[in-house]
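Structure first, then comments.
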Amino acid sequence: MIIDLIVQGEDIATPDLKVLHALSEAHGIEKITSVKHQAFRLANANPDTRAVVAAHCDKSHLDFAFMPAAKKFSAIGLIAMDMDSTLITIECIDEIADFTGKKAEVAAITASAMRGEIDWPESLRQRVSLLAGLDESVLQRVYDERLKLSPGSDVLIAAAKKYGIKLLLVSGGFTFFTERLKARLDIDYAFSNVLEIINGKLTGKVIGPLCDADAKARHLRETAARLSLKAENCIAIGDGANDMKMMAAAGLSIAYHAKQVVQAQASVAINVLGLNAVPALFV
């Protein structure tokens, strides 16, 4: 199988390209013109050079990926994405907690869970319990005032729509946000957790089955099966430890500005650019 090295960045210096061409033992450089940022395909590269390529790209603030030369975006049928810190820039539960004065406490638990240091379902219950008594109107304020889409999300979604690729949003967050994003962005499927609200107040509990790591992976597999897709036709994008099982169930896994434990197991890591880097990985 012929493998190409894809190099992407806001500004790629010619000396960096030459160094990466040599380091990767590639046999040519082609500019990728279908994107607005800078991207280059270094043809017929040696994937065994990943370590030295990664070190140089890290130093030069560039994203890279070793990709099969013949892999086409049109061959993808499903893209599964995490929500918090992936499709959007915030962790919704941390921002909700800010209205209780407990953001730092909740954010610390969130970060630990995303690194895989503590049990994720237990971490969710701990964090949600700290929201008890909060007025449900706070959820709308977080959506209106703080929720922002990740850079390049519009490019990725437009490219997916162009090629008829289905979009699946699977989140350890809350349906209040996933359902609104599903409608707003014309996402095909969305699964998340349900906050219990009684008399207009959060009770500090979630109801129904949790959308945890196992559930995320199951939703990807079941959606792919419904669409008659193989794993190789699926992409999974996430940033935290609870995304890793879902990412392992996809043919291509992308760690997006992710924790190190996630990057270590992903096919590709995007650390510099936004989600607009995803379509450029393909022919």
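Readers should treat all values here as calculations from the given coordinates under stated rules, not as data from a laboratory. Note that the structure is a prediction, hence the values are computed from the model and not measured. Glycine also receives a Cβ, built like all others from the backbone with ideal geometry; neighbour counts cover every protein chain displayed.
Just for the stretch 78-92: of the residues that are touching a helix residue (DSSP H, G or I) at 6+ places or on another chain (Cβ under 7 Å) and not in a helix (DSSP H, G or I), which one is nearest to Ser192 (Cα to Cα)? If you could, list the steps in order and put the result at the bottom.
Initial filter on the stretch 78-92 (touching a helix residue (DSSP H, G or I) at 6+ places or on another chain (Cβ under 7 Å)): 78-84, 87, 90-92.
Filter again for not in a helix (DSSP H, G or I), leaving 78-82, 90-91.
Details: Leu78: 18, Ile79: 16, Ala80: 13, Met81: 12, Asp82: 10, Ile90: 16, Glu91: 14 Å.
Once the filter is applied, the top-ranked residue is Asp82.
Residue check: Glu95 meets all listed conditions (1) touching a helix residue (DSSP H, G or I) at 6+ places or on another chain (Cβ under 7 Å); (2) farther than 30 Å from Lys201 by Cβ; (3) acidic (Asp, Glu) but one, namely (2). The single condition among (1) closer than 29 Å to Leu169 by Cα; (2) touching a residue at least 40 places away in the same chain (Cβ under 8 Å); (3) β-branched (Val, Ile, Thr) that Val106 does not meet is (2). Remark: pairs (first residue in the stretch 113-135, closer than 15 Å to Lys103 by Cα; second residue of a type in the set (Asp, Glu) and surrounded by fewer than 20 Cβ atoms within 10 Å (Cβ to Cβ); Cβ separation under 7 Å; 6+ apart in sequence or on different chains) = Leu130/Glu105.
Check Leu87, Leu78 and return the single one that is in contact with a Cys (Cβ under 6 Å, 6 or more places away or on another chain) and touching a residue at least 12 places away in the same chain (Cβ under 8 Å). Walk me through it before giving the result.
Details: Leu87 fails: in contact with a Cys (Cβ under 6 Å, 6 or more places away or on another chain).
Matching residue, one of Leu87, Leu78: Leu78.
Consider the stretch 186-208 and keep the residues that are within 30 Å of Ser153 (Cα to Cα) and among the small types (Gly, Ala, Ser). The one that is surrounded by the fewest Cβ atoms within 10 Å (Cβ to Cβ) is Gly208.
Would you say Thr49 is more than 30 Å from Arg218 (Cα to Cα), of a type in the set (S, T, N, Q) and surrounded by 15 or more Cβ atoms within 10 Å (Cβ to Cβ)? Step through it out loud before you land on a result.
Working: more than 30 Å from Arg218 (Cα to Cα): yes; of a type in the set (S, T, N, Q): yes; surrounded by 15 or more Cβ atoms within 10 Å (Cβ to Cβ): yes.
Judged against the criteria, Thr49 is a match.
Candidates are the residues of the stretch 209-231 that are in contact (Cβ under 8 Å) with a residue 40 or more places away in the chain and farther than 15 Å from Ser192 by Cα; the one that is surrounded by the most Cβ atoms within 10 Å (Cβ to Cβ) is Ala224. Selection of the stretch 165-190 for residues being touching a residue at least 60 places away in the same chain (Cβ under 8 Å) and more than 19 Å from Ser85 (Cβ to Cβ) yields Ile165, Lys166. Taking the listed residues Ala65, Ala107, the one that is in a strand (DSSP E or B) and either surrounded by 19 or more Cβ atoms within 10 Å (Cβ to Cβ) or among the hydrophobic types (A, V, I, L, M, F, W, C) (or both) is Ala65, with no other qualifying.
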